[in-house]
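Participant: What follows is a structure written as structure tokens; I'll ask about it next.
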Amino acid sequence: MSLVDFELSKDYSYIKIIGSDFNLNSFEKFKEIIKNLNQKNCIKKVSIEGNFNSRLLVNEIFSKSGKTSLDDLLYLLQALAKTIEDSDILFTANINGIAKGPAMEIALACNFVKAKTGTIFNFTKNEKIFFLGTIQRLINILGYKKTLQLLLIEKTINFEDATDLKIINSNIDKTLIRNKPFWDQAFTNTFIFFNSKIHSTYKNLIPEYMAILSIIFESSICDYEVGLSIERRWVKWLILNNIKKS
Amino acid sequence: MPEAYIYDAIRTPRGKGKISGSLHEISPVKLASKTLKKLKERNNLNTKLLDDVVLGCVHPINEQGSDIARISVLDADYDQSVPGTQVDRFCASGLEACNIAAAQIMSGQSDLTIGGGIESMSRVPMGSVGGAWMTDPTVAFKTYFVPQGISADLLATKYNYSRDDVDLYAVNSQKKASNAWEKKYFSKSIIDIYDQNGDLMLNYDELIRKETTMQSLASLNPSFQKIGKETGLNEVALMKYPESKKINHVHHAGNSSGIVDGAAAVLIGNKEIGIKLGIKPRAKIKAFSSIGTEPTIMLTGPEHASNKVFQRTKMHPNDIDLFEVNEAFAAVVLRYIDALKVSEDKVNVNGGAIAMGHPLGATGSMLLGTLLDELERRNLSTGLITLCVGAGMGTATIIERV
Ligand SMILES: CC(C)(COP(=O)(O)OP(=O)(O)OC[C@H]1O[C@@H](n2cnc3c(N)ncnc32)[C@H](O)[C@@H]1OP(=O)(O)O)[C@@H](O)C(=O)NCCC(=O)NCCS
């Protein structure tokens, strides 16, 4: 395992992620690169290639205790993905290896998400890696039902699954307006089912589930932008809750 | 007959009823339950003693649906023995909820109740609840249905309120509301709203535009002119009021009630329960009434509901020290002042919904609290709250300090 570094090609057409793990410093560094690219008006397309793995970063986040620094950090993470998403540059993520947590969110925020055979997407709750915008982007791609299924079955998604789910190698329409359920019968039934299933299986013992379910529930009612903020609140809640417990 | 005493009244600040509004990220049930929790905390309430919680809500569907009163009771960790019921009298739902809660005390069937209301207009938008009045042609034709904005303009037309008249009223509403906030007149009742992490979401009515002037309002286009003209709604209104010939569209975003999110709760009980709980009554609910009037002009209910309650109590408008007349639209209040011949300086002395917003199901109970606070501040005795109500109704309540 090694900390990632970035190699920007001379013509600015690609960024290579070298190494295997993002931490906070690498995130900051990456943000600077994107900021600089955005300031150069001539760039049309940029491809980002490598591991989108942020296990170290997630550990860092979840060990934060100061409320203010936590806010700053959460804003930073979501701001980076938003910058990519709102940029005039067309970004392509070429995932080659592992996608986890906030770094996976960077990938999902790109205009095109591609992946090499063998790529693994990690959504397991124990590493708390799916939070921080990933859920919002998944809801946009998959809809609330499939997102619920994906996040709650707790398994790693291999290349084939991700292809089937159209998380990768398909054209994600960023202008797609989330198909709001407006509380149809299916929406109500889905949440009744998932809530009771999770509740009966894990009792009240796992706050992560409360957070995931709540983020998906609330985000399906509110807009995408609001969803990001809701997700941030729940991640914060989760971290504060964990700290309180320990 | 037992008296119904008001022991406490609280409200949330009002957040803009938009995606960008500060209360948009909190669900209606949480907003209502936070209000209930605060009421319990402030009064050191043993909730086992509560007989009922009645909450007004005008769009009781989706996340506001399925008896939000009872669900809020449970979410607020009240004793499970406390029931809850949701009521809908359109814009007066919050006041009606307090009236029903008071009626339970007056009839001797309850000792302690809560009346209040909730509306998250940013999350459950106006109109989303549907309903036959607007949609069923057999009903809409027969009753000459038009939406309230057209009714407000019809009201202004019928009683000759010019654009300047309604704008001046609105400028004053903004001034009075800003002044009240600056001088902390609302602080007794306002509860700050925090999220699940204890982060502050909102602690003031965020719709207020202190800087509003006649000039700034003059630039706003009438809100209901286009739909009135293009969809035939003006013609429908004029079929009912042929003498008006043409509708003068004077209402716009600056002189109509704002769309906001908010909740309120009022603790009501008989004398004995106050003694038992060690809390002091602040006022009593003396009398109330609701009434139906002509539904196309729709918004003249307040004068008729007030007259009805005056008749019952053998009172006169002069007996009232302060009035809260919901500022659904500026013309509604102007008409009320003219119809009842009351002095303008007794009406909405701290502004109203034009400046601070009208969270439909909650407003009536908010106004009750606002009025009580102001009666206490000025050391006056008697006040009347009234609201115009959809489909031509009106509701009025008289309170008296004890
Ligand atoms: C009248 C109505 C249609 C206006 O809706 P809207 O156009 O969405 O109104 P907004 O509050 O968003 O205001 C629109 C714009 O008007 C302007 N504006 C509003 N109030 C203003 C004021 N006091 N001074 C200057 N400008 C003002 C602003 O430019 C504002 O845009 P901004 O918020 O981006 O700055 C709506 O408020 C309404 O339907 N109210 C009545 C609700 C109702 O029927 N309740 C039931 C009563 S029976």
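Participant: Too long at a 32 Å Cα-Cα cut-off: which of B:38/B:210; B:183/B:280; A:31/A:203; B:188/B:346; A:31/B:30; A:203/B:188?
Facilitator: Numbers: B:38/B:210 29 Å; B:183/B:280 25 Å; A:31/A:203 40 Å; B:188/B:346 21 Å; A:31/B:30 36 Å; A:203/B:188 41 Å.
Those over the limit are A:31/A:203; A:31/B:30; A:203/B:188.
Participant: Moving on to the next point. How big is the charge dipole of the protein assembly as shown about its Cα centre, in debye rounded to the nearest 20, if each Lys and Arg gets +1 on its Cβ and each Asp and Glu gets -1 on its Cβ? Before the final figure, lay out the partial values.
Facilitator: Working: 76 positive and 71 negative charges, 94 e Å.
It works out to roughly 460 debye.
Participant: Same structure, new question: Per residue of B:15-28, what is the mean number of Cβ atoms on other protein chains within 10 angstrom of that residue's Cβ? Before the final figure, lay out each step's value.
Facilitator: Numbers: counts 0, 0, 0, 0, 4, 2, 1, 0, 0, 5, 8, 3, 5, 0.
Whole-number average of other-chain Cβ neighbours for B:15-28 is 2.
Participant: So, one more: Using only Cα positions of chain B, each an equal point scatterer, no hydration layer, compute I(q)/I(0) via Debye at q = 0.07, 0.10, 0.13 Å⁻¹ and quote the log10 values to two decimals.
Facilitator: For chain B at q = 0.07, 0.10, 0.13 Å⁻¹, log10 I(q)/I(0) is -0.29, -0.60, -1.04.
Participant: Search the structure for amide H atoms under 5 Å from the amide H of residue B:85, placed 1.01 Å from N in the peptide plane, and list their residues when 5 or more places away or on another chain.
Facilitator: B:53, B:54, B:55, B:70
Participant: Going by how many other Cβ atoms sit within 10 Å of their own, how do B:293, B:135, A:188 line up, fewest first? Don't skip to the end; give the middle numbers.
Facilitator: Numbers: B:293 19, B:135 10, A:188 14.
Placing the least packed residue first, the sequence is B:135, A:188, B:293.
Participant: Using only Cα atoms, find the angle between the long axis of helix B:301-313 and the longest principal axis of chain B, and express it within 0 to 90 degrees, rounded to the nearest 10.
Facilitator: Approximately 50 degrees, to the nearest ten.
Participant: Along the positive direction of the dipole of the stretch B:1-72 (beta-carbon charges: Lys, Arg +1; Asp, Glu -1; about the Cα centre), which of B:5, B:47, B:29 reaches farthest?
Facilitator: Going by the Cα projections, it comes out as B:29.
Participant: Counting only DSSP beta bridges with both residues in the stretch A:5-176, tell me the antiparallel percent, nearest 5. Walk me through the numbers on the way to the answer.
Facilitator: Details: 9 of 26 bridges.
Beta bridges within the stretch A:5-176, antiparallel portion: roughly 35 percent.
Participant: Something else about it: What average number of partner chain Cβ atoms lie no more than 10 Å from the Cβ of the residues making up B:196-203? Working shown, then result.
Facilitator: Values: counts 9, 13, 4, 5, 0, 1, 0, 0.
Counting other chains' Cβ atoms within 10 Å and averaging over B:196-203 gives 4.
Participant: Can you pull the one-decimal nm distance between simple spin-label points at residue A:72 and residue A:206, each 7 Å off the Cα toward Cβ?
Facilitator: Between residue A:72 and residue A:206, the label points sit 3.4 nm apart.
Participant: So, one more: Give a quick list of chymotrypsin sites (Phe, Trp or Tyr not before Pro) in the stretch B:194-229 that DSSP marks as loop, anything other than H, G, I, E or B, with at most 16 other Cβ atoms within 10 Å.
Facilitator: Values: sites: B:194, B:204, B:224; in loops: B:204, B:224.
Listed in order of number, the matching sites are B:204.
Participant: Normalise the Cα radius of gyration of the stretch B:233-304 by 2.2 N^0.38 Å (N = residues in it) and let me know the number. Working shown, then result.
Facilitator: Values: Rg = 20.9 Å, N = 72, 2.2 N^0.38 = 11.2 Å.
Rounded to two decimals, the normalised Rg is 1.87.
Participant: Step by step: find N for the stretch A:5-176, compute 2.2 N^0.38 Å, then divide the Cα radius of gyration by it. What's the final number? Can you show the working numbers first?
Facilitator: On the way: Rg = 15.1 Å, N = 172, 2.2 N^0.38 = 15.6 Å.
Working it through for the stretch A:5-176, the quotient is 0.97.
Participant: A further question follows. Just tell me, in residue order, which DSSP H segments of chain A are both 20 angstrom or longer along the helix axis (alpha-carbon based) and at least 0.0 in mean Kyte-Doolittle hydropathy. Kindly include the intermediate steps, with their values, before the conclusion.
Facilitator: Working: long enough: A:24-39 (23 Å, -0.71); A:67-86 (28 Å, 0.10); A:185-202 (25 Å, -0.03); A:207-221 (21 Å, 1.07); A:224-245 (31 Å, -0.26).
In chain A, the long hydrophobic H runs are A:67-86, A:207-221.
Participant: Given a Förster distance of 60 Å, report the FRET efficiency between residue A:36 and residue B:314 from their Cβ-Cβ distance, rounded to the nearest 0.05. List each step's numbers first, then the result.
Facilitator: Details: r = 79 Å, r/R0 = 1.32.
Computed FRET efficiency for residue A:36 and residue B:314: 0.15.
Participant: Of B:109, A:169, B:93, whose Cα points farthest to the positive end of the dipole of the protein assembly as shown (charges on the beta-carbon: +1 Lys, Arg; -1 Asp, Glu; origin at the Cα centre)?
Facilitator: Value: A:169.
Participant: Moving on. Which residue, B:288, B:310, B:323, tops the fluctuation ranking in a GNM of chain B built on C-alpha contacts under 10 Å?
Facilitator: In this elastic network of chain B, the residue with the biggest mean-square fluctuation among B:288, B:310, B:323 is B:310.
Participant: For the stretch B:315-323, take each phi angle, set θ = phi - 60°, evaluate the Karplus expression 6.51 cos²θ - 1.76 cosθ + 1.60, and give the result in whole Hz per residue in order, putting x for glycine and proline.
Facilitator: Here the 3J(HN,Hα) series is 10, 9, x, 5, 6, 9, 7, 9, 10 Hz.
Participant: Is there a quick way to get the dipole size of the stretch A:5-176? I mean about its Cα centre, with the Cβ of Lys and Arg at +1 and of Asp and Glu at -1; what is the value in debye to the nearest 20? Present the calculation step by step, with values, prior to reporting the outcome.
Facilitator: Details: 23 positive and 20 negative charges, 39 e Å.
In total the dipole reaches around 180 debye.
Participant: Here is a further query. Provide a whole-number value for the mean count of partner chain Cβ atoms within 10 Å of the Cβ atoms in peptide A:229-242. Please report the intermediate quantities before stating the final value.
Facilitator: Working: counts 3, 4, 0, 2, 7, 3, 1, 5, 5, 2, 1, 3, 2, 0.
Whole-number average of other-chain Cβ neighbours for A:229-242 is 3.
Participant: Quick one: among A:31, A:82, A:116, which has the greatest mean-square fluctuation in a GNM of chain A with alpha-carbon springs under 10 angstrom?
Facilitator: A:116
Participant: To the nearest 10 degrees, how steeply does helix B:330-340 sit against the main Cα axis of chain B, on a 0 to 90 scale?
Facilitator: The helix B:330-340 is inclined about 80 degrees to chain B.
Participant: So how far apart, in nm, are the two label points at residue A:82 and residue A:160 if each is 7 Å from Cα heading toward Cβ?
Facilitator: Going by the 7 Å Cα→Cβ label model, 4.0 nm.
Participant: Let me ask something else. Highest GNM mean-square fluctuation, chain B, Cα pairs closer than 10 Å: which of B:381, B:22, B:365?
Facilitator: B:381
Participant: Pairs of alpha-carbon atoms within less than 8 angstrom and 6+ residues apart define the contacts here; what relative contact order does the stretch A:5-176 have, in percent? Display every interim value, and only then the final one.
Facilitator: Working: 310 pairs, mean separation 33.2, N = 172.
Value for the stretch A:5-176: 19 percent.
Participant: Further, regarding this structure: If r is the Cβ-Cβ distance from residue B:164 to residue B:203 and R0 is 41 Å, what FRET efficiency results, to the nearest 0.05? Present the calculation step by step, with values, prior to reporting the outcome.
Facilitator: Numbers: r = 35 Å, r/R0 = 0.85.
Here the calculated transfer efficiency is 0.75.
Participant: May I ask for the angle, rounded to the nearest 10°, between helix B:163-182 and the longest principal axis of chain B, with both axes built from Cα atoms and the value confined to 0 to 90°?
Facilitator: The helix B:163-182 is inclined about 20 degrees to chain B.
Participant: Among B:304, B:251, which comes first, second and so on when ranked by fewest other beta-carbon atoms within 10 Å?
Facilitator: Working: B:304 21, B:251 32.
Fewest-to-most ranking of B:304, B:251: B:304, B:251.
Participant: Return the loop-located trypsin sites (Lys or Arg not before Pro) in the stretch B:275-381 (DSSP other than H, G, I, E, B) with at most 12 other Cβ atoms within 10 Å of their own Cβ; answer none if there are none.
Facilitator: Working: sites: B:276, B:282, B:284, B:286, B:308, B:312, B:314, B:335, B:341, B:346, B:377, B:378; in loops: B:282, B:314, B:341.
Sites meeting the loop and neighbour criteria: B:314, B:341.
Participant: Oh, and also: State, as an integer percentage, the relative contact order of chain B based on alpha-carbon contacts under 8 Å between residues 6 or more apart. Mind dumping the intermediate values first?
Facilitator: Details: 1004 pairs, mean separation 111.1, N = 402.
Across chain B, relative contact order equals 28 percent.
Participant: Also, I was wondering about something else. Along the charge dipole of the protein assembly as shown, which of B:84, A:206, B:304 sits closest to the positive end, that is, farthest toward it, with unit charges on the beta carbon of Lys, Arg, Asp and Glu (+1, +1, -1, -1)?
Facilitator: A:206
Participant: Treating only the Cβ atoms of Lys and Arg (+1) and Asp and Glu (-1) as charged, compute the dipole magnitude of the stretch B:59-217 about its Cα centre; round to the nearest 20 debye.
Facilitator: Working: 13 positive and 21 negative charges, 136 e Å.
I would put it at about 660 debye.
Rule-based calculations on the coordinates, nothing more; no lab input. The structure presented is a predicted model; accordingly, all values stated were derived computationally and were not measured. Backbone-built Cβ (ideal geometry, glycine too); neighbour counts: all protein chains shown.
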